[in-house]
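Step one of this worksheet: look at the structure below.
Nothing in this text is a laboratory measurement; each read-out follows from the coordinates by a stated rule. As the structure is a computational prediction, the values presented were derived from the model and not from experiment. Note that we place each Cβ from the backbone using ideal geometry, even for glycine, and neighbour counts take in every protein chain shown.
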């Protein structure tokens, strides 16, 4: 029902007092903003001043509102682009500074701190203020890309991505909830949507990163990321103001209600689990203590986390979260977690595949990446428009979307060096399917949760999507690497021997050729071919080795997409158990 608070009419707010049924957009627009933490009555007394009396809530567009929204846009985009931009030049990074066997931690090191911080943004905001949390996040998002861009060793670059992930974990949620607090409740959906879609200029992130690297060096990719976030820092410091409050926050109550145990168990459990999985890829055998110890300990901590959450006095996922529709909430959270595996198989494998399978031409690499960004945004937009169009019949929509996502990502396994056109179509379909699942899942979760827990569920969906994606990516990469090694040994080794490039018994030369080609060290490969006395057929050797490597790479990349069918298939099955959200609209 529209508010009839005194002074509303003078401020141009809706005051007809009607009690007509609301649409799903209105349901979300009128939800209270939050930052990821349920509060007890002691903390709830810290009430944000009513919007009609709040000097930091703008009833219509004006210069201060525009500047504040611009600041929130910089926070939102700045929290996304470190992974998008650097992810577009991973082969160039490990080609330059080494670390091919551990570069996956550039991704994991960004995702884990991001996911770990999201549920605690609310408590931090209450303790030191939204503005200073945002400023701290922006500083990390300035420093992190600089550290990565100036690194001379892969471990240092990973450290830079960890710093960026911490900043992103703070500011991704602040940007969305901060936008909601700037405008009246009936306008929140519109303005939050506009801020989210300001990511559009960075949908071609891989293209921008490749062109920057071609014009200079991959290190210069860090400049636009750092500069963007520095501008965001200035906007936050100069323009943004925390929402006005009736009384001072009870900081002791805030500290008392933080789920420290749950945060530690979940973070270290997932981290140790993935350390064990990843160390089993390159460094150690699967039966070694180096692999089994963190792997088993991680599983124990994850189980302990779920047990703890049942008995915790202030759990990360409050029981009240499931009060409106327990089944739908539980299933949509599982779908959000599992769909992260499909999201990241596209986001992180396709940009390297288009480089390793189709050639390293920067413009070509960038163009081949375009279906991902625009497809995901387009799929999200189509799904969000379909929810009100079909009057909240979200179950058939999610069934169709999960089917499209599963079929599309699985079908990406058809990719070969000679069928790029067909692959474009499949990638576009897969991207639309992924977009139609990941964003609507969050919207459905927000609709079926109590209004006062909107912030909590937003933080949880962000966290579990990243955790699901990180776990999925680690599993994908593990299988990918082991399968790829066999394919390259067989295909490249055969091509090298049959074309007189190296003798069959010259294992060292064959191994060097395979290593340099598979790690995209093309200049070193040319130099080795030219200088090595054991390499024959020098005129054609480079082209033959690269062609064989691309063929082997294409076979290896099939496995992550095949594995993603398991993630998507479970999402598809779970979608049948969802209930439509019509009754909540």
Could you work out the relative contact order of the stretch 315-585? I mean the mean sequence separation of Cα pairs under 8 Å and 6+ apart, divided by the number of residues, in percent. 36 percent
Determine, from the Cβ-Cβ distance of residue 504 and residue 290 and an R0 of 30 Å, the FRET efficiency 1/(1 + (r/R0)^6), rounded to the nearest 0.05. 0.30
Rounded to the nearest Å, what's the spacing between the alpha carbon centres of the stretch 274-353 and the stretch 458-529? Just the number, please. 27 Å
Calculate I(q)/I(0) for the chain by the Debye formula, one identical point scatterer on each C-alpha and no solvent, and give its log10 at q = 0.08 Å⁻¹ to two decimals. -0.56
Angle check, please: helix 370-389 long axis (alpha carbons) against the longest principal axis of the chain (alpha carbons), in degrees 0 to 90, nearest 10. 30 degrees
Residue exposure sequence - 295, 322 - by fewest surrounding Cβ within 10 Å: 322, 295
Take the Cα gyration tensor of the stretch 315-585, multiply each eigenvalue by 5, square-root it, and list the three semi-axes largest first, rounded to whole angstrom. 46, 17, 14
Ranked list, fewest to most other Cβ atoms within 10 Å of each Cβ, for 231, 454: 231, 454
Helix-derived [θ] at 222 nm for the chain: sum -39500 (n - 2.57) over DSSP H runs of at least 4, divide by residue count, nearest 500? -23500 deg cm²/dmol
Give me the percent relative contact order of the chain, please, defined on Cα pairs under 8 angstrom at least 6 residues apart. 20 percent
Can you tell me the length gained on complete extension of the stretch residue 127 to residue 150, counting 0.36 nm per residue apart and subtracting the Cα distance? 4.9 nm
With contacts defined as alpha carbon pairs under 8 Å and 6 or more residues apart, what's the relative contact order of the stretch 58-257 in percent? 37 percent
To the nearest whole percent, what portion of all C-alpha pairs in the stretch 58-257 is separated by more than 20 angstrom? 56 percent
Per-residue Cβ contact counts at 10 Å, fewest first, order 203, 449 as 203, 449
